[in-house]
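S.K.: Questions regarding the structure given below will be posed in turn.
The values are calculated or read from the model by the stated rules, or taken from the named source; none is laboratory data. Please read all numbers here as calculations on a predicted model, not as lab measurements. All Cβ positions, even for glycine, are placed from backbone atoms using ideal geometry, and neighbour counts span all protein chains on display. Protein only, heavy atoms only, side chains kept; ligands, DNA and RNA dropped before computing areas. Shrake-Rupley method; radii C 1.70, N 1.55, O 1.52, S 1.80 Å.
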Amino acid sequence: MIPRPHAYKNITKILELFPVAALLGPRQCGKTTLARIIAKENPSTFFDLENPVDTARLSAPMSVLENIKGPVIIDEIQRKPELFELLRVLADRHDNPAKFLILGSASPDMIKGASESLAGRIGFTDLLIMSEGKRYGFEFKYADTPGTTRSMRTAINDLALEHLWVVYPGKEEYDLDETISVITVSGILKLSSR
């Protein structure tokens, strides 16, 4: 895992200030890994909305979430956008026994939904890299020779990325097209020195 002390610190600070924190970024950029580290250090209730069991647990979300105390992590929240309005109700409780960390893609629709429903109740941190006003993304693969996937195109379009780097454990670096490059793990260090 790539250390993310800055993102960790941002999330911690956001949860001190707001009842809801949003951790955003493209697929496979480390959101879930970072959230699991947070959950390990602060015992939390974790829901992964790509897991059918967790999705079923949230089939009646108010009855489940209103009784939880402490940190609540909801991964892939963009799969249930109706939760934003419910989180507003839960965040406005007088005693407010829970703090919510929501994870999802940084798509404009998701950000808009969270911003509108949770205005004044949410803080955002993004795992994208920004430089001179341009957004850059990273996706991590374990394939021998990664190729272009639909999720890469979705990330570039939804997140308005200038460029996407696909990091893999191989030795060769190559371009998939003008906006997607495959780099090695050591290639990240070369990028950081640019």
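S.K.: Taking the condition of being open to solvent by 30 Å² or more (accessible area, probe 1.4 Å) and modelled with pLDDT of 85 or more, how many residues in region 77-118 meet it?
M.R.: Result for region 77-118: 12.
S.K.: Still on this structure, I have one more. In region 36-49, what count of residues is obtained for those that are over 16 Å from LEU87 (Cβ atoms) and either of a type in the set (Gly, Ala, Ser) or free of Cβ contacts under 8 Å to residues at least 24 places away in the same chain (or both)?
M.R.: 4
S.K.: Being assigned to a helix (DSSP H, G or I), modelled with pLDDT of 75 or more and open to solvent by 60 Å² or more (accessible area, probe 1.4 Å) is the requirement here; does THR145 meet it?
M.R.: Against the criterion (assigned to a helix (DSSP H, G or I), modelled with pLDDT of 75 or more and open to solvent by 60 Å² or more (accessible area, probe 1.4 Å)), THR145 does not qualify.
Results for (1) among the hydroxyl-bearing types (Ser, Thr, Tyr); (2) within 29 Å of ASN157 (Cα to Cα); (3) in contact (Cβ under 8 Å) with a residue 24 or more places away in the chain, shown as yes or no for each residue.
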residue	(1), (2), (3)
LYS31	no, yes, yes
ASN51	no, yes, no
SER59	yes, no, no
ILE68	no, no, yes
ILE77	no, yes, yes
HIS94	no, no, no
ILE102	no, yes, yes
SER117	yes, yes, yes
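S.K.: Now for a separate question. Go through region 175-189 and report how many residues are in a strand (DSSP E or B) and within 13 Å of LYS141 (Cβ to Cβ).
M.R.: 6
S.K.: While we're on this one: Suppose we keep only residues that are of a type outside the set (A, V, I, L, M) and over 12 Å from the mean Cα position of the chain (by Cα) within region 12-35. Which one would you say is surrounded by the most Cβ atoms within 10 Å (Cβ to Cβ)?
M.R.: PRO19
S.K.: Now for a separate question. Taking region 48-74 on its own, how many of its residues are open to solvent by less than 20 Å² (accessible area, probe 1.4 Å) and touching a helix residue (DSSP H, G or I) at 6+ places or on another chain (Cβ under 8 Å)?
M.R.: Total satisfying the criteria: 6.
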